[in-house]
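Participant: Sharing a structure with you now.
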Amino acid sequence: MTPVNDLIRVTVARKRREAEGICSFELVDAAGAPLPPFEAGAHIDVRIPGGGAPPLLRQYSLANAPGERHRYLIAVLDEPASRGGSRAMHRDVREGDVLQVGAPRNLFALADTAGREQSLLLAGGIGITPILSMAEALAQAGADFVLHYCARSADRLAFGERLAQPAFAGRVHRHLSADPASGRLDLARLLQGPSAQRRLYVCGPERFIDAVTAAARAAGWSDEQVRFERFAHTIQASADDGAFAVRLARSGRTIAVAADQTVVAALAAQGIELPVSCEQGVCGTCLTRVLEGVPDHKDVYLTPDEQARNDQFTPCCSRSRTPVLVLDL
């Protein structure tokens with residue numbers, strides 16, 4: 001490995017159009033060394049040149065088979081509502097460019113029991129990236145799984161060659177919302193009859209995940225049986241979003257946070273930089289310990305049980321229900 005400030009220098013060995021609006025990027029170590037290992041569901045942070053000043057840091061799931069050490073494979077959707085990252089990856093990054101990435105982290109892992117139960121994999125659009133890596137791992141282990149891939153149209157289905165490999169025969173089902181003949185996914189029917197021997201993994205746009213998780217709850221699936229990963233999250237504002245203050249326990253400083261300001265922004269204005277990536281409460285990069293006070297959680301990174309403990313929060317989007325939050329900073 002060739003780390004630079006905890007990042008790894010990688011070369012873009014190949015950039016390929018996988019579907020309408022989706023490009024894949026094959027990344028290899030710039031010095032030719034093996035890359036750090038990863039498990040299915042993992043992602044890497046990518047520092048994107050040209051995406052902003054300072055450079056943007058964005059997270060992309062690994063789509064290649066676990067066990068590969070010679071490359072990382074990511075796929076990026078050219079999102080019209082992009083905050084700059086996906087647009088820069090599509091327009092500015094070319095084969096031969098050298099990027100900096102973080103070591104793999106996994107917030108969307110297969111359960112330890114995956115080899116002894118049926119894994120139901122549901123992907124919507126670009127959500128196929130971690131789901132495909134999971135399918136590769138389950139196929140290699142000889143585990144029972146079924147993959148349902150939903151997209152608007154056939155030209156938006158990525159990784160067609162990979163999904164057509166013999167190891168996936170009879171396991172992959174494609175559903176196109178613009179083509180009723182393809183058999184639109186019937187969630188109620190698919191999710192009926194949950195059992196302790198079935199587990200659900202979901203990744204895709206926010207509305208897709210919301211629809212699947214709501215259908216799973218209605219069908220009687222427990223929270224422990226459903227795992228999902230979001231690429232984005234719409235932060236819900238409320239009438240209670242007012243000004244408050246944060247006190248930094250290590251220095252004793254108290255910093256005001258305006259009603260229209262995030263904690264991250266308020267700290268940055270005072271020269272205190274926190275690590276951030278998604279800025280939407282999805283990734284957990286900025287997770288900060290809370291010593292006193294009650295956070296107003298607006299993230300989707302922490303579980304409901306973790307939020308209820310009120311001992312940590314995501315300052316990129318979450319706020320405070322009390323006049324002061326004391327942070328372990």
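The values are calculated or read from the model by the stated rules, or taken from the named source; none is laboratory data. Just so it is clear, the model here is predicted, and its values are computed rather than measured. Note that we place each Cβ from the backbone using ideal geometry, even for glycine, and neighbour counts take in every protein chain shown. Just so you know, the surface numbers come from the protein's heavy atoms only, side chains and all, with ligands and any DNA or RNA stripped out. Shrake-Rupley method; radii C 1.70, N 1.55, O 1.52, S 1.80 Å.
Participant: Percent of Cα-Cα pairs per 5 Å bin, from 0 to the last occupied bin, for region 53-202, please list those.
Facilitator: 2, 8, 16, 19, 20, 15, 11, 6, 3, 1, 0
Participant: Could you tell me the relative contact order of region 61-102? Use alpha-carbon pairs under 8 Å, at least six residues apart, and round to a whole percent. All intermediate terms of the calculation are to be shown ahead of the outcome.
Facilitator: Details: 22 pairs, mean separation 10.5, N = 42.
Normalised by residue count, the contact order of region 61-102 is 25 percent.
Participant: If you don't mind, there's one more thing I want to ask. Where does each of K15, K298 land when they are ordered by accessible area, with a 1.4 Å probe and the largest first? Let's see the in-between values first.
Facilitator: Numbers: K15 55, K298 25 Å².
Listed by decreasing accessible area, they come as K15, K298.
Participant: Among 171-177, 248-254, how do they line up from the highest to the lowest mean number of other beta-carbon atoms within 10 Å? Before the final figure, lay out the partial values.
Facilitator: Details: 171-177: 16.7, 248-254: 11.3.
Ranking the peptides 171-177, 248-254 by packing returns 171-177, 248-254.
Participant: Please report the orientation-averaged projected area of region 192-329, defined via the convex hull of its C-alpha atoms, in nm². Could the numbers behind the result be given before it?
Facilitator: On the way: hull surface 36.2 nm².
For region 192-329, averaging the hull's shadow over all directions gives 9.1 nm².
Participant: Return the inverse of the average 1/r over all pairs of distinct C-alpha atoms in region 121-249, which is the Kirkwood hydrodynamic radius, in Å to one decimal.
Facilitator: 16.4
Participant: Taking a 1.4 Å probe, which of C203, C23 shows the most accessible area, and what order do the others take after it? Don't jump to the answer; show the numbers that get you there.
Facilitator: Details: C203 0, C23 20 Å².
Order by accessible area, largest first: C23, C203.
Participant: In addition: If I fit a long axis through the Cα atoms of helix 128-141 and take the longest principal axis of the Cα atoms of the chain, what angle between them do I get, 0 to 90°, rounded to 10?
Facilitator: 60
Participant: Please list the non-local residues whose amide H lies under 5 Å from the amide H of S318, H modeled 1.01 Å from N, same-chain partners needing a gap of 5 or more.
Facilitator: When sequence neighbours closer than 5 places are left aside, the close amide H contacts are K298.
Participant: Could you tell me the largest-minus-smallest coordinate of the C-alpha atoms of the chain on each of the three principal axes, in descending order and whole angstroms?
Facilitator: For the chain, the Cα extents along the three principal axes come out at 61, 50, 36 Å.
Participant: Here's something else I'd like to know. Sorted by average packing, counted as other Cβ atoms within 10 angstrom per residue and highest first, what order do 236-247, 146-157 take?
Facilitator: 146-157, 236-247
Participant: As a check on your grasp of the helix formula, calculate [θ] at 222 nm for the chain: sum -39500 (n - 2.57) over DSSP H runs of n ≥ 4, divide by the residue count, round to the nearest 500. All intermediate terms of the calculation are to be shown ahead of the outcome.
Facilitator: On the way: 7 runs with 56 residues, N = 329.
The helix contribution divided over the chain gives -4500 deg cm²/dmol.
Participant: Report, largest value first, the span of the C-alpha coordinates of region 251-329 along each principal axis, in whole Å.
Facilitator: The Cα atoms of region 251-329 stretch 31, 25, 22 Å along their principal axes.
Participant: Could you check how much of the accessible area of region 140-289 is carbon and sulfur, as a whole percent, using a 1.4 Å probe? Each step should come with its number before you reach the end.
Facilitator: On the way: 4010 of 8050 Å².
The value for region 140-289 is 50 percent carbon and sulfur by accessible area.
Participant: With a 1.4 Å probe and every protein chain left in place, work out the accessible area per residue of region 184-329 in Å², rounded to a whole number. Don't skip to the end; give the middle numbers.
Facilitator: On the way: 7490 Å² over 146 residues.
Result: 51 Å² of accessible area for each residue.
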